[in-house]
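Visitor: One structure, pasted below without further comment.
The values are calculated or read from the model by the stated rules, or taken from the named source; none is laboratory data. These figures come from a predicted structure and were not determined experimentally. Reconstructed Cβ throughout: ideal geometry from the backbone, glycine too, with neighbour counts over all protein chains shown.
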Amino acid sequence: MKILLVSANALKEPYPVYPLGLDYVAGALGFGYNVKIVDINDFDSPSGLGAAVKDFSPDFVGVSIRNIDNTDTINSRDFLTEYKIILQQIRDNSGARIILGGSGFTIFPREFMQALDADYGIAGEGEKLPLLLKALANNADVQSLPGIVTKETARIVYEPWENEIQRHFDPEISPAKFYLVNGGMLNLQTKRGCPYRCSYCTYPHIEGNKMRFYPAEDIARDARKLQDAGAKYIFITDSAFNASYDHSREVAKAFIKSGISIPWGGFFAPTIPPPGYFQLLADAGLSHVEFGTESLSGKMLSNLQKPFIADYVFEAHSQALKAGLHIAHYFLLGGPGENRQTLRETLDNAEKLKKSVFFFFCGIRIYPHTALYDIALQEGQIKASQNLLSPVFYRSPHITDREIMQTVEEHAGGRFNWIVGSGENKATKILPRLYERGFSGPLWEHLIS
Ligand code: B12
Ligand code: SF4
């Protein structure tokens, strides 16, 4: 049986992101199937994809839907039209049945099934694909399989995959080349799941609340494969790399043992690290720490259900700085309870975080299965029947987005490391130029003067 896996993500901001999920889907399919991965970025036009579909003549086409929209309150852009064109190319060039999956799909499975008129979908981990294919081959009832979605599915069962997980990465046949040439970044996952429950966040829904760890040696072996394939930088895609201090330390030690010499980075929660933590990670090649700080107001941190207080942020920052790491803090402003006072507190406290880049986003995207969804519903900002595939952002009733943005801009006073919104800021225009000149990695450290 021939299975074509398609990465439909053509977004190149902040940089092109390697379709890691498809390596796992290919790993789950194993050698029992004839599997080919194609990436929309490898074609000059959608008809190029059409020709590849025709040439391979698949029985099933799996389409990975990662991004729904660019999550930007100012220049909002969604990708539904692009996905419709991709599905049309597949249909025009084969009679294959189409299966959707991916993190974006998992947030809105029913909406995507309707909008794209696909045959099947898998909400959650794609490791379930062989189960779906086997059930279809045996004419069995697919509706009873957890996570399997059809246009008729009324209730979706989200069940984390507890069995073996295997990444299939072969630089000769994977779409890695495009990413190696454009930015040089590949990616890696060390565990799945986030144990925290921040009020606005989809990650615990996508990956589950229970952390499921991969053996440190296996991760280091995969990292080594990426390095040998020519990666200049590895991004660790875990929800929060340090959500387990023990496991992330094991990973760092395994990196050292297996001779990982390229820099790497990831998302971190600004909780208090054990002594020497960041130094060990720096010794293993960690170069960039991206803290999901979101606010530095005690009231807002509590409203957003963050697992830390402002003092923890200062401590985590200081330890990362001592280890010589590049640090960025991400802020989400305008959540429930945000007002002039909480905003002022956040901005004043940010001044205490030296040698850092700050990314300020205003207005929080409302997603189903989050506490923020319930708050927005109660406050009448959304309706229960509303289709949220088109982005809706939570607005604090106490302060306007405009005032938040203006206050941050004024406070920033033109400093390059204070970045408001995404994309349109003067400072963010530096990054594409650096990529063109052959630099690799997130590169936001170049914004610190
Ligand atoms: C890491 C990450 C990033 C990193 C990526 C770095 C890198 N080099 O990899 C950075 C910070 C750069 C980033 C940027 C952005 N991101 Co991001 N990111 C993530 C995150 C945390 C993990 C993604 C990941 O790699 N997971 C690991 C892999 C293994 O899982 P996976 O791809 O989901 O695949 C599994 C399943 O989905 C499924 N699957 C996947 N494909 C398929 C296909 C088929 C057929 C099947 C059956 C199954 C299947 O099986 C896989 C294995 O189990 C997710 C949230 C999350 N927890 O998922 C957000 C997420 C994907 N990002 C999101 C967004 C919005 C963005 C940005 C647009 C933000 C912005 N405004 O800049 C950009 C877009 C970048 C781009 N060019 O595409 C959203 C997408 C939803 C949406 N609203 O559109 C997510 C879901 C977060 C959220 N808000 O909910 N991101
Ligand atoms: S914001 Fe980060 S720490 Fe909080 S639930 Fe989401 S992934 Fe976990």
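Visitor: Go through Leu180, Leu100, Leu136 for me and flag whichever is outside any loop (DSSP other than H, G, I, E, B), away from ligand 2 (no atom under 16 Å from the Cβ) and crowded, with 20+ Cβ neighbours inside 10 Å. Even if it seems obvious, please write down each step before you answer.
Guide: Details: Leu180 fails: crowded, with 20+ Cβ neighbours inside 10 Å; Leu136 fails: crowded, with 20+ Cβ neighbours inside 10 Å.
It is Leu100.
Visitor: I've got another one for you. Looking at the range 187-201, I want the residues that are over 19 Å from Trp264 (Cβ atoms) and within 12 Å of ligand 2 (Cβ to nearest atom) and have a partner that is assigned to a loop (DSSP other than H, G, I, E, B) and basic (Lys, Arg) with Cβ atoms under 6 Å, at least 6 apart or on another chain. Which pairs are those?
Guide: Sorted first by the residue in the range 187-201, then by its partner, the pairs are Gly193/Lys210; Cys198/Lys306.
Visitor: Among (1) closer than 17 Å to Val25 by Cα; (2) surrounded by fewer than 19 Cβ atoms within 10 Å (Cβ to Cβ); (3) within 16 Å of ligand 2 (Cβ to nearest atom), which single condition is Glu162 missing?
Guide: (3)
Visitor: Condition check: under 19 Å from Asp59 (Cα atoms), part of a loop (DSSP other than H, G, I, E, B) and either β-branched (Val, Ile, Thr) or out of contact with any helix residue (DSSP H, G or I) (no Cβ under 8 Å at 6 or more places or on another chain) (or both). Does Val157 satisfy that?
Guide: So Val157 does not fit the description; no.
Visitor: Inspect all residues belonging to the range 82-90 and state whether any of them is in a helix (DSSP H, G or I), in contact (Cβ under 8 Å) with a residue 60 or more places away in the chain and under 17 Å from Leu20 (Cα atoms).
Guide: no
Here's the yes/no breakdown for (1) among the β-branched types (Val, Ile, Thr); (2) out of contact with any helix residue (DSSP H, G or I) (no Cβ under 6 Å at 6 or more places or on another chain):
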{"site": "Leu4", "(1), (2)": "no, no"}
{"site": "Lys12", "(1), (2)": "no, yes"}
{"site": "Tyr15", "(1), (2)": "no, yes"}
{"site": "Pro19", "(1), (2)": "no, yes"}
{"site": "Pro58", "(1), (2)": "no, yes"}
{"site": "Ile65", "(1), (2)": "yes, no"}
{"site": "Ile90", "(1), (2)": "yes, no"}
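Visitor: Here is a follow-up. Return yes when Gly121 is touching a residue at least 24 places away in the same chain (Cβ under 8 Å), in a helix (DSSP H, G or I) and not basic (Lys, Arg) and no when it is not.
Guide: no
Visitor: Looking at Phe43, Phe31, Phe56, which is the one that is touching a Leu at 6+ places or on another chain (Cβ under 9 Å) and more than 30 Å from Pro442 (Cβ to Cβ)?
Guide: Phe56
Visitor: Also, quick follow-up: Go through the range 202-244 and report how many residues are farther than 11 Å from Leu186 by Cα, within 13 Å of ligand 1 (Cβ to nearest atom), assigned to a loop (DSSP other than H, G, I, E, B) and of a type outside the set (S, T, N, Q).
Guide: Count: 5.
Visitor: Additional query: Just to be sure, is Leu20 at pLDDT 95 or above, near ligand 1 (Cβ under 7 Å from one of its atoms) and either under 18 Å from the mean Cα position of the chain (by Cα) or surrounded by fewer than 23 Cβ atoms within 10 Å (Cβ to Cβ) (or both)?
Guide: On the way: at pLDDT 95 or above: yes; near ligand 1 (Cβ under 7 Å from one of its atoms): yes; either under 18 Å from the mean Cα position of the chain (by Cα) or surrounded by fewer than 23 Cβ atoms within 10 Å (Cβ to Cβ) (or both): yes.
So Leu20 passes the test.
Visitor: Confirm whether Ala384 is surrounded by 18 or more Cβ atoms within 10 Å (Cβ to Cβ), over 20 Å from the mean Cα position of the chain (by Cα) and either among the aliphatic types (A, V, I, L, M) or assigned to a loop (DSSP other than H, G, I, E, B) (or both).
Guide: Values: surrounded by 18 or more Cβ atoms within 10 Å (Cβ to Cβ): no; over 20 Å from the mean Cα position of the chain (by Cα): yes; either among the aliphatic types (A, V, I, L, M) or assigned to a loop (DSSP other than H, G, I, E, B) (or both): yes.
No, not satisfied.
Visitor: Kindly establish whether Ser261 is polar (S, T, N, Q), modelled with pLDDT of 95 or more, closer than 18 Å to Leu186 by Cβ and surrounded by fewer than 24 Cβ atoms within 10 Å (Cβ to Cβ).
Guide: The answer is yes for Ser261.
Visitor: What are the pairs with Cβ atoms under 6 angstrom where one residue, in the range 289-311, is modelled with pLDDT of 95 or more and the other, located anywhere, is β-branched (Val, Ile, Thr) and assigned to a helix (DSSP H, G or I)? Sequence gap at least six, or different chains.
Guide: That search, which allows pairs on different chains as well, returns Thr293/Val313; Ser295/Thr346; Leu296/Thr346; Ser297/Thr342; Ser297/Thr346; Lys299/Thr342; Met300/Thr342.
Visitor: Ok, one more. Could you list, in sequence order, all residues of the range 393-449 that are in contact with a Leu (Cβ under 9 Å, 6 or more places away or on another chain), modelled with pLDDT of 80 or more, part of a helix (DSSP H, G or I) and under 30 Å from Gly285 (Cβ atoms)?
Guide: Trp444, His446, Leu447, listed by residue number.
Visitor: A further question on this structure: Only one residue in Leu389, Leu332 is surrounded by 21 or more Cβ atoms within 10 Å (Cβ to Cβ), touching a residue at least 60 places away in the same chain (Cβ under 8 Å) and under 20 Å from the mean Cα position of the chain (by Cα), so which one is that? Before you say what the answer is, go through the steps one by one.
Guide: Working: Leu389 fails: surrounded by 21 or more Cβ atoms within 10 Å (Cβ to Cβ).
Among Leu389, Leu332, only Leu332 is surrounded by 21 or more Cβ atoms within 10 Å (Cβ to Cβ), touching a residue at least 60 places away in the same chain (Cβ under 8 Å) and under 20 Å from the mean Cα position of the chain (by Cα).
Visitor: Considering only residues that are surrounded by fewer than 24 Cβ atoms within 10 Å (Cβ to Cβ) and either outside any helix (DSSP H, G or I) or within 16 Å of ligand 2 (Cβ to nearest atom) (or both), which ones fall in the range 105-117?
Guide: Ile107, Phe108, Asp117
Visitor: Got a number for residues in the range 72-97 being surrounded by fewer than 17 Cβ atoms within 10 Å (Cβ to Cβ) and at pLDDT below 95?
Guide: 5
Visitor: Could you check the range 232-243 and list, in sequence order, the residues that are surrounded by 18 or more Cβ atoms within 10 Å (Cβ to Cβ) and either of a type outside the set (Ser, Thr, Tyr) or over 20 Å from Thr202 (Cβ atoms) (or both)?
Guide: Result: Tyr233, Ile234, Phe235, Ile236, Asp238, Ala240, Phe241, Asn242, Ala243.
Visitor: Taking only the range 248-257 into account, find how many residues are crowded, with 20+ Cβ neighbours inside 10 Å and either of a type in the set (Asp, Glu) or within 16 Å of ligand 1 (Cβ to nearest atom) (or both).
Guide: 2
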